[in-house]
1. If we keep just the residues of the range B:138-160 that are assigned to a helix (DSSP H, G or I) and within 14 Å of another protein chain (Cβ to nearest Cβ), which is surrounded by the most Cβ atoms within 10 Å (Cβ to Cβ)?
2. Just checking, how many residues over the range A:243-262 are touching a helix residue (DSSP H, G or I) at 6+ places or on another chain (Cβ under 6 Å) and more than 8 Å from chain B (Cβ to nearest Cβ)?
3. Confirm whether residue A:267 is surrounded by fewer than 18 Cβ atoms within 10 Å (Cβ to Cβ) and within 7 Å of chain B (Cβ to nearest Cβ).
4. For the range A:278-288, give me the residue count where each residue is more than 8 Å from every other protein chain (Cβ to nearest Cβ) and part of a helix (DSSP H, G or I).
5. Test residue B:182 against the criterion of being in a loop (DSSP other than H, G, I, E, B) and at the interface with chain A (Cβ under 9 Å from one of its Cβ atoms), and give yes or no.
6. For residue B:207, only one of the following conditions fails: (1) in contact with a strand residue (DSSP E or B) (Cβ under 6 Å, 6 or more places away or on another chain); (2) assigned to a loop (DSSP other than H, G, I, E, B); (3) crowded, with 19+ Cβ neighbours inside 10 Å. What is its number?
7. How many residues does the range A:89-134 hold that are within 60 Å of the chain's Cα centre (by Cα) and over 24 Å from residue A:50 (Cα atoms)?
């Protein structure tokens, strides 16, 4: 979820919760306020009445042994006066029957002395009239508050959109879909928020560092390649020229040939190391389209002589043939060549190799199984390390770069490699292709 | 044929010259871009072998100059730089071929021959080897009138390369570099040239013994022919 959506959601929810709480509490609050107000009024009326009693004398209102009572026609208020022999000074809710009607009142009861007698004054105010206002008040408050909430949410939305815009620009232009390395010119994202300025600058600096490192690596590869390849080239030409001299004896030629072989070995190692660096430095294009069948056929043509040499049978079972898109044909060829070549080299004579290409759930896989010497479990984690040679493979004339090439080519194409091996039984290398290279699996 | 060698590594330039002179080319050498630029402007060449990594000159600029002043010349780029884009750029600028160092002199010669053939419109190259008619351009072999179609692509490549350098002993290393040059793998000693030659001989012997395909003991192979 986007930051802005989260903020807006939180704002809306928190406001709604607060307002709902307020609306729910509103009757209580109104009741309290009303009660207070009513009580105050009752006290004031009492004071006013007592003042009148003092002014006019008690006899004006009440004869001896009599009671005095008065209420409004609708009975929402009443006043009564009677002689009692106790003291009281309270305000409380009580029900009274007035002319057959039971009505809830807020009643102030107050006793006072006038002459020699103790009088009880009661002033009541119907609580029904008090509660009447609560409902409409609650309604109006609810509507006003809801309107205000919507307004503030809108305002929040607009403001957060405005204030977060630099962030979304940073994310959109500098992070999403960015493939490193790429040559970029720094474009400042305009913002007055210092956090975003900092973020923008930091991302820019990081990208710049990555780019410089890539650039440096690229220069290094280019220079190293030049420095290493040039002397090899000179030596190779010299040997080739000497080899053709008529006045060189045959036994010398044999030694020249040995030199040529060793030079070739040096050349292969250098070329392979440079190739791995180039792959890891992203210097290859991935624009070829080739079907698995064609690719395996190409490999087969190159490799069949090696099969024949060791009398190994190779079964190609391309159960599902797919077009690989956006790949580097040269590199994929070399990936498969090296895996199958290993399956030949580390096989037993008259052994077997099975290459299977098929969909396994959602991913296309190529599986290469041999009946060879296998890899010991403790050596399995190291087989992709450069120049790492396994104990049982020491007799083979390789320099331990076959699987590192495989790994870097697979990594370059985001192809997964799994190895299952049992010593003395054989190994299975499984390549799992990402959907990006094959498209989705057909629905069966 | 006039060849201009532009190469700042003197030792390599000399080997190139030695090799080409022996193969009847007339060579001039430049060790730097400035003098090469002058030579290109004044003289006409059939071939310009250009090292891209010159210390004083941007190699691709020199290629542009060469294409302008010497439009007839075939330019072959020789480079030890590993930039993949260099190759694309060079060929885009009109280079006729591109050889990454280290390359075999034989490979250079066969590329130069291929360019010459292309240029002079030699479309049919049929060579008669004791009745075996090898057509380099169509990549076919006939024994008199009977097609020899058991020969694989790799095997034909081998025959054609040996034929291109006929009467010359080619080592296993040279042959395997030619036919497996683009395969990157970690074997350094195993080459399967012997197995290939054995297969070729077997397939040809169905028609007639291929005595012209000679094994030079301890050294390599050679096609011997007078034509």
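1. In the first step, residues of the range B:138-160 are kept if they are assigned to a helix (DSSP H, G or I); the result is B:153-160.
Those left that are additionally within 14 Å of another protein chain (Cβ to nearest Cβ): B:153-158.
Working: B:153: 11, B:154: 17, B:155: 19, B:156: 18, B:157: 17, B:158: 24.
Selected residue: B:158.
2. Number of matching residues: 2.
3. no
4. Initial filter on the range A:278-288 (more than 8 Å from every other protein chain (Cβ to nearest Cβ)): A:279-282, A:286-288.
Checking the rest, the ones that are also part of a helix (DSSP H, G or I) come to A:279-280.
Looking only at that region, the number is 2.
5. Values: in a loop (DSSP other than H, G, I, E, B): yes; at the interface with chain A (Cβ under 9 Å from one of its Cβ atoms): yes.
So residue B:182 passes the test.
6. Residue B:207 satisfies every listed condition except (3).
7. Kept after step one, since they are within 60 Å of the chain's Cα centre (by Cα), are these residues of the range A:89-134: A:127-134.
Checking which are over 24 Å from residue A:50 (Cα atoms) leaves us with A:128-134.
Residues meeting the conditions: 7.
So that you can scan it fast, the table gives a plain yes or no per residue for (1) modelled with pLDDT of 85 or more; (2) more than 30 Å from residue A:159 (Cβ to Cβ); (3) part of a loop (DSSP other than H, G, I, E, B):
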site: A:21; (1), (2), (3): yes, no, no
site: A:27; (1), (2), (3): no, yes, no
site: A:43; (1), (2), (3): yes, yes, no
site: A:90; (1), (2), (3): yes, yes, no
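The values are calculated or read from the model by the stated rules, or taken from the named source; none is laboratory data. All values reported here derive from a predicted model rather than from experimental measurement. We place every Cβ from the backbone using ideal geometry, glycine too, and count neighbours over all the protein chains shown.
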